[in-house]
1. Under a plain spin-label model, where a point goes 7 Å from the Cα along Cα-to-Cβ, how far apart in nm are Asn136 and His154?
2. Between Asp177 and Ser228, what is the FRET efficiency for a Förster distance of 41 Å, r being their Cβ-Cβ separation, to the nearest 0.05?
3. Using a Förster distance of 45 Å, how high is the FRET efficiency between Val68 and Gln257, based on the Cβ-Cβ distance and rounded to 0.05?
4. Please work out the average accessible area per residue across the stretch 167-259, using the 1.4 Å probe convention, and give it in Å².
5. Using 0.36 nm times the number of residues separating Ala24 and Arg265, minus their current alpha carbon distance, what extension gain do you get?
6. Ranked by accessible surface with a 1.4 Å probe, highest first, in what order do Arg135, Arg265 come?
7. With a point put 7 Å past each Cα toward its Cβ, work out how far Leu103 is from Arg220 in nm, to one decimal.
8. For the stretch 163-273, just say rounded, prolate or oblate: build the C-alpha gyration tensor, square-root its eigenvalues into a ≥ b ≥ c, call rounded for a/c under 1.5, and beyond that prolate if a/b exceeds b/c, oblate if not.
Amino acid sequence: MTNKKHTSPLAAVQELAALTGAVAIIAAAVYFFLVPSHASVSSISGLGIVLANFVPLPLSAITMILNVVLLIIGFLTCGREFGAKTVYTSILLPLFLALLERLFPGIGSLTDSQELDVLCYILVVSVGLSILFNRNASSGGLDIVAKILNKYLHIELGRAMSLSGICVALSAALVYDKKTVVLSVLGTYFNGLVLDHFIFDHNIKRRVCIITKKEEALRRFILDDLHSGATVYESYGAYNMEKHREIITIVDKAEYQRLMNFMNREDPQAFITVYTVSDIRYQPKV
């Protein structure tokens, strides 16, 4: 038997707002930093900037055409939820770019430095992309390619973005000078590193193992206050073979802080070990 996931209207509105905000961030990064830098950093928008030198269409139109092709591939390979969200973001990104083209026509570099433009683009766009990836969506284009590599080859999203973007970065050689090509390649590489940092930091968990005299109080705190689960093991001290019960739970950053505050208050002498967990998999029975 399978359980259907029901989404409340409020949650749907919040999801839509998050996706819209993320796309707005990405569009701003492309228009204000990537376009003035002339670099081609790990994105379909970057490829569009190069193609705009050969095709008599605005960047927003080129981005839309490229996105449609990859969107069909994403729908077929990554599932309906990913496909549906990416349809929305893929349509929204060119619209945001078209709006920025109208509001700020012919805008130049905000930093007066090609290197700083690329750096600012990497930092800003990684925020938007991490929001989308953490909500099982993408902005379309190379994000879809990265998601496919992540799903089928189990490559980290940041590394997948770098791999899929390297060809786009090298396409800058068709139009721009060597410095721009080097910046495009380096920007693509560092964009992957920064993106991995944002996603990994968002998903990171801690596996906390505790031996305490306040076992029942701790168990109730984990279940009732943290609304989390726990596992209890019997363990023996190697020195005197004294039996103990060890409680193990997995918590996020905020829950970990609350758990440590509780232990410092209830049993400062408790024995606690903490491990970093970046991936949790649970296969429910059907």
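1. A separation of 2.0 nm, rounded to one decimal place.
2. Working: r = 55 Å, r/R0 = 1.34.
Calculated value: 0.15.
3. Values: r = 45 Å, r/R0 = 1.00.
Step by step, r from the Cβ atoms, then E = 0.50.
4. It amounts to 61 Å² per residue over the stretch 167-259.
5. Numbers: separation 241, 0.36 × 241 = 86.76 nm, distance 4.43 nm.
Stretched fully, the Ala24-Arg265 segment lengthens by 82.3 nm.
6. In descending accessible area the options line up as Arg265, Arg135.
7. Between Leu103 and Arg220, the label points sit 5.4 nm apart.
8. prolate
The values are calculated or read from the model by the stated rules, or taken from the named source; none is laboratory data. All figures in this text were calculated on a predicted structure; none of them were measured in a lab. When we count neighbours, we look across all protein chains shown, and the Cβ atoms used for this are built from the backbone with ideal geometry, even at glycine. In case anyone asks, the SASA skips ligands and DNA or RNA and just uses the protein heavy atoms, side chains included. Shrake-Rupley method; radii C 1.70, N 1.55, O 1.52, S 1.80 Å.
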